[in-house]
1. Report whether or not Pro268 is buried (at least 23 other Cβ atoms within 10 Å of the Cβ) and outside the structural domain of Ala106 (by TED's automatic domain parsing).
2. Can you tell me how many residues within region 4-53 are within 22 Å of the chain's Cα centre (by Cα) and of a type in the set (D, E, K, R)?
3. Sort through Ala237, Ala229, Ala292, Ala288 and tell me the only one that's more than 18 Å from the chain's Cα centre (by Cα), farther than 30 Å from Glu2 by Cβ and in the same structural domain as Glu29 (by TED's automatic domain parsing).
4. Out of Ser287, Ser269, report the one residue that is assigned to a strand (DSSP E or B) and polar (S, T, N, Q).
5. So if I check each of Gly147, Gly156, Gly131, which one is within 25 Å of Met267 (Cα to Cα) and in the same structural domain as Gln238 (by TED's automatic domain parsing)?
6. Using the structure shown, decide if Gly147 is touching a residue at least 40 places away in the same chain (Cβ under 8 Å) and among the small types (Gly, Ala, Ser).
7. For region 1-114, please list each of the strands (runs of 3 or more DSSP E) lying entirely inside it that holds at least 3 residues being of a type outside the set (Val, Ile, Thr) and touching a strand residue (DSSP E or B) at 6+ places or on another chain (Cβ under 9 Å).
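The values are calculated or read from the model by the stated rules, or taken from the named source; none is laboratory data. If you're wondering where the values come from, they're calculated on a predicted model, not measured in any experiment. Methodologically, a virtual Cβ is constructed for each residue, glycine included, from the backbone with ideal geometry; neighbour enumeration extends over all protein chains shown.
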Amino acid sequence: MEKTIAVLEGDGIGPEIMREGLNVLHAIEQKYGHRFELVHAPFGARAYFEHGHPFPELTKKACDEADTILKGPIGLAVSEMEKIPQEMRPEVAALLLLRKRYDTYANYRPVVLPKSCFDFSPLRPERLGNGLDILMMRELVGGIYFGKKVEGKDTGMQYASDDCTYTREQVDRFAHVCFKEARKRQSKLTNVHKKNVLATSRFWNARFREISKQYPDVKLEEMLVDDVACQLVKNPAQFNGVMAFENMQGDIITDLGGGILGSLGLMPSACLNPETGRGYFEPAHGSAPDIAGQNKANPYSMIGSVAFMLEKAFGLEEEAKAVWNALTEVFGQGYRTGELAGPSTPQDMILSTSQFGDKVVEVILK
């Protein structure tokens, strides 16, 4: 297979974790005989300072012409970010624009924790059952983030507003993706909402119930988002399967999933339009500028995003499984990255960013 990938390293720890993700991708090339052409392009806060825009035209061209996009986290230190005008902030003028440009409405975030990694979690082992295997699905291009906004400065600081709207088309297409994922996993689907307050949630629920009639083999459960936040801490294994969220609720609760795992460094993600096949793959965490360049960051999420890319963008399920298995095996051998190490972790088992990537490559190629 020959494919072109637009590589957006991003900011902060982005370049160093991307390096490990690409090393793993090269190992897959070597083992399976594929060829991936990499086109590097600027994206994020550094791109704003160097090119005048966080998503410059040359990057748009690279993304348009590539088969898919592999993206690192974005954002610099607060002192640097404050120099960027609101309308040029990379979260708005780059990330949301990227989502809108390719209509990547389905966001996949796995919350996976086998028994061998229970020591990562801040929860007691008895809270984790036999392990966690949750796929959190977040609708990514609708709702309050993309609604009309009125800034306080434009109303004399009298009020501000954010419009939250969902259309039938937006909810239905997302619901179908969620039901199909649950069917593939032979699992239940938990639909998360706030129907006791929000009209959009009542509408959302009605559409999910209607779509569920087309998937009689998938059990649909519904739960208020505040109850979900509580239950995820008390008994997260009850959600093993697929969870469906609207945009803002999903943004918040998926980070809670990272907290349960013990690190957002354990949460890769895929952002896709399943109809067109267009999308991008990225770690779910931030750019951690405080540790950038120190070879400390956990590259798991970046490497896992490469695995997602192999599966979802290119249909290379065997290759993707090889990456996931390698990640699990490295942890299974007792190795840890700095933020996952405990008081009893031997110093020689604590890996730097590059060492962790090397171990994953070693397992893939053995």
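1. Yes; evaluated as a whole, the condition is true for this residue.
2. Qualifying residue count, region 4-53: 6.
3. Testing whether each residue is more than 18 Å from the chain's Cα centre (by Cα), farther than 30 Å from Glu2 by Cβ and in the same structural domain as Glu29 (by TED's automatic domain parsing) leaves just Ala292.
4. Matching residue, one of Ser287, Ser269: Ser269.
5. Criteria check complete, one pass: Gly131.
6. No: the conditions fail for Gly147.
7. Filter on region 1-114 gives 2-8, 35-40, 106-113.
The rows are residues; the columns are (1) over 21 Å from Val111 (Cβ atoms); (2) exposed (fewer than 15 other Cβ atoms within 10 Å of the Cβ).
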residue	(1), (2)
Ser287	yes, no
Tyr300	no, no
Ile303	no, no
Glu311	no, no
Lys321	no, yes
Leu327	no, no
Thr337	no, no
Gly342	no, yes
